[in-house]
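Take a look at the structure set out below.
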Amino acid sequence: VSVTASGKYKVCIYTNPSNPYSRDNVINFGIAANDDKMKKINMIPDGFLVGDGNPYWSDGVLRNTRMTEVILNLNEGVNEINVYALDPNFVLQKIVILKEEDTILRQKEILAKKIFHLTRTLESMRGA
């Protein structure tokens, strides 16, 4: 990937909304930029449970994706980003890299996600 300035970049890793392969509640992947040491990341959020009523599971199913954010140091110009499937069930869909000024757009997406969950919760409470 090529960037116009050196610095820290937010890298959004979109994956299939796979369930953990064991009771350990983990699906680890690795990521590294250029010659930096690989970071081991668990893409399963704390509090994740399979089934209706769990917002992490429900969001992944409804959006057909799960997003994990990682901060990487990138150099001006061309950078090599390596992603490693360390555990079963890791299926990469896409990578989005945000500049510092683009993080506001990401915050809007998070707010929209929270509003969506609140709306779904209220709808399910009305229907119960």
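The values are calculated or read from the model by the stated rules, or taken from the named source; none is laboratory data. All of these numbers come straight from a predicted model, not from anything done at the bench. Methodologically, a virtual Cβ is constructed for each residue, glycine included, from the backbone with ideal geometry; neighbour enumeration extends over all protein chains shown. Surface areas here come from the heavy atoms of the whole protein model, side chains and all, with no ligands, DNA or RNA. Shrake-Rupley method; radii C 1.70, N 1.55, O 1.52, S 1.80 Å.
Evaluate segment 52-60: report whether one residue or more is in contact (Cβ under 8 Å) with a residue 24 or more places away in the chain, assigned to a loop (DSSP other than H, G, I, E, B) and of a type outside the set (G, A, S).
no
If you go through segment 3-30 one residue at a time, how many are hydroxyl-bearing (S, T, Y) and either assigned to a loop (DSSP other than H, G, I, E, B) or touching a helix residue (DSSP H, G or I) at 6+ places or on another chain (Cβ under 6 Å) (or both)?
5
Report the residue count in segment 1-23 for those that are open to solvent by 10 Å² or more (accessible area, probe 1.4 Å) and aliphatic (A, V, I, L, M).
3
All but one of (1) in a loop (DSSP other than H, G, I, E, B); (2) out of contact with any helix residue (DSSP H, G or I) (no Cβ under 6 Å at 6 or more places or on another chain) hold for P45, so report the exception by its number.
Looking at each condition in turn, P45 falls short on (2).
Every residue in segment 46-83 that is farther than 29 Å from A32 by Cβ and β-branched (V, I, T), please.
Selection gives V50, V61.
Quick one: how many residues across segment 24-82 are in contact with a Cys (Cβ under 6 Å, 6 or more places away or on another chain) and open to solvent by 50 Å² or more (accessible area, probe 1.4 Å)?
Of the residues in that region, 1 qualify.
Restricting segment 71-92 to residues that are outside any loop (DSSP other than H, G, I, E, B) and over 17 Å from N16 (Cα atoms), which is nearest to the chain's Cα centre (by Cα)?
I71
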